[in-house]
Amino acid sequence: MNQAAAINTIVSKPEKARPVRRDNRLSEVLDSAASSFCAQGYDAASMRQIAEEAGMKAGSLYYHFPSKSELLIAVHEEGIRRITSGVTEALEPVSGPRQRLEAAMVAHLEALLGGGDYAQVVIRELPQLSDEARHGLIGLRDKYEKIFKELIDDLAIPENKRRHLRLLILGALNWTRTWYRPGNETPAEIARGFMELIIETEKQDSRMETSEQIDAVGQLADVMGRRPKVMVTKIGLDGHDRGSRLVAGFLRDAGMEVIYTAPWQQVGHVVNQALEEDVDAIGISSLATDHLLVPKLMQALAAVEMEDVIVVVGGIVPDEDVVMLKEAGVSEVFHPGTSRDKIVTGITDLISEVQAGE
């Protein structure tokens, strides 16, 4: 989708409003509007002045945008597109939850502190607008903030603290424009300082949760005479394995023996390896529709008399499919955002129930 088409899609208009006109002057109009909104604020900036800066007659501007509020929404859309592009590009070569969050923070600060007008307009408090226009701007911001939500979900932070952490991070990043002085700390150094505070909080929460989980897994190991063994795998064509790698790490840190396989496994291979390793549980990660293959896995396990092996599924699973999986014999389905504590404790309890003959 080109720039003009994207803006035409985002901007909300009354039924009788004239459509946004597309031509090669659009970029100049947006640049002029961003400059005026940044320098003077939304209320003080005028359509006449914006038109003059863009080198056009005042009346001509209304052929591009029928109102100033629609022009503001278009500037926000372009600003968020630019910031998102920078953050996305910064994340591409980076792996590891902490490293990815820090890379996103650096990219956000570089866009904010780099002197660009668009970023300054985006982070300012929203002006008094119609409910329709205001909701449009909030929707654009929410779409961008979803990037940070997903990054924070990957950290070992309790679920009930993640929203507050996201608001704290974005608030701190956006507030830097009020105190930042070029020549002192770089955006990377500022982000590193913020990240060190986050890591310390993460470690404290992790120590408290992991200690309880280690005790529970240790007690189960005493009963079994060995550590509980869990296979974490992916079946089907989905190759996104970041979530499954995180879960494997959680289980391993709690004291379980984990067999982790590469993605794109076939059902038969999973069953053969589970039989060879004599696992107590199998965790299937699904980002797309690969969970629909799990009933076939349950049948294959039953065919080799491994009905007592617990099978859990994690990932994006619609409610109606959860019912189907439970009917097929799946013990539990963990949705995105489920805390480490719930995952580790849930699997530990399920294995304990099997050992107790429940």
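The values are calculated or read from the model by the stated rules, or taken from the named source; none is laboratory data. This structure is a prediction, so every number in the text was calculated from the model and none was measured. Glycine also receives a Cβ, built like all others from the backbone with ideal geometry; neighbour counts cover every protein chain displayed.
Got a sec? Which of 172, 191 is in a helix (DSSP H, G or I) and either of a type in the set (Val, Ile, Thr) or without any contact (Cβ under 8 Å) to a residue 24 or more places away in the chain (or both)? Before the answer, list the steps.
Working: 191 fails: either of a type in the set (Val, Ile, Thr) or without any contact (Cβ under 8 Å) to a residue 24 or more places away in the chain (or both).
Result of the check over 172, 191: 172.
Of everything listed in (1) free of Cβ contacts under 8 Å to residues at least 60 places away in the same chain; (2) touching a strand residue (DSSP E or B) at 6+ places or on another chain (Cβ under 6 Å), the single unmet condition for residue 281 is (1).
Selection over the stretch 236-258 of residues that are part of a strand (DSSP E or B) and either free of Cβ contacts under 8 Å to residues at least 12 places away in the same chain or under 23 Å from the mean Cα position of the chain (by Cα) (or both) gives a count of 0. Of all residues in the stretch 280-289, exactly one satisfies the criterion of being touching a Lys or Arg at 6+ places or on another chain (Cβ under 9 Å), modelled with pLDDT of 95 or more and not hydrophobic (A, V, I, L, M, F, W, C), namely 280. Among the conditions (1) at pLDDT below 90; (2) in a loop (DSSP other than H, G, I, E, B), the only one that residue 45 does not satisfy is (1).
Can you find a residue in the stretch 212-225 that is of a type in the set (Val, Ile, Thr), more than 26 Å from residue 345 (Cβ to Cβ) and over 24 Å from the mean Cα position of the chain (by Cα)? The answer is no; no qualifying residue exists.
Can you name every residue in the stretch 310-352 that is among the small types (Gly, Ala, Ser) and over 24 Å from the mean Cα position of the chain (by Cα)?
To start, the set of residues in the stretch 310-352 that are among the small types (Gly, Ala, Ser) comprises 314-315, 328-329, 331, 337, 339, 346, 352.
Within the stretch 310-352, 328, 329, 331, 352 meet the criteria.
Taking the criterion of being in a strand (DSSP E or B) and either farther than 19 Å from residue 351 by Cβ or out of contact with any Phe, Trp or Tyr (no Cβ under 9 Å at 6 or more places or on another chain) (or both), the residues of the stretch 259-313 that qualify are 259, 260, 265, 281, 282, 284, 285, 286, 310, 311.
For the stretch 290-345, filtered to residues that are at pLDDT 95 or above and among the polar types (S, T, N, Q), the residue that is farthest from residue 240 (Cα to Cα) is 299.
Inside the stretch 314-337, can you point out the residues that are touching a residue at least 12 places away in the same chain (Cβ under 8 Å) and assigned to a loop (DSSP other than H, G, I, E, B)? Explain how you work it out, then say what you get.
At the first step, the residues of the stretch 314-337 found to be touching a residue at least 12 places away in the same chain (Cβ under 8 Å) are 314-317, 321, 324-325, 328-337.
Once the filter is applied, which keeps residues that are touching a residue at least 12 places away in the same chain (Cβ under 8 Å) and assigned to a loop (DSSP other than H, G, I, E, B), the stretch 314-337 yields 316, 317, 329, 330, 331, 335, 336, 337.
Please indicate, with yes or no, whether at least one residue in the stretch 218-226 is within 20 Å of residue 343 (Cβ to Cβ) and touching a Leu at 6+ places or on another chain (Cβ under 9 Å).
So the first thing to find is which residues in the stretch 218-226 are within 20 Å of residue 343 (Cβ to Cβ), and the list is 218-221, 224.
Those still in the list that are touching a Leu at 6+ places or on another chain (Cβ under 9 Å) too: none.
Checking the stretch 218-226: not a single residue is within 20 Å of residue 343 (Cβ to Cβ) and touching a Leu at 6+ places or on another chain (Cβ under 9 Å).
Could you identify the single residue in 76, 64 that is crowded, with 21+ Cβ neighbours inside 10 Å, modelled with pLDDT under 90 and either hydroxyl-bearing (Ser, Thr, Tyr) or assigned to a helix (DSSP H, G or I) (or both)?
Numbers: 64 fails: either hydroxyl-bearing (Ser, Thr, Tyr) or assigned to a helix (DSSP H, G or I) (or both).
Step by step, each of 76, 64 is checked, and only 76 is crowded, with 21+ Cβ neighbours inside 10 Å, modelled with pLDDT under 90 and either hydroxyl-bearing (Ser, Thr, Tyr) or assigned to a helix (DSSP H, G or I) (or both).
The residue of the stretch 175-188 that is surrounded by the fewest Cβ atoms within 10 Å (Cβ to Cβ), among those that are at pLDDT 90 or above and part of a helix (DSSP H, G or I), is 175.
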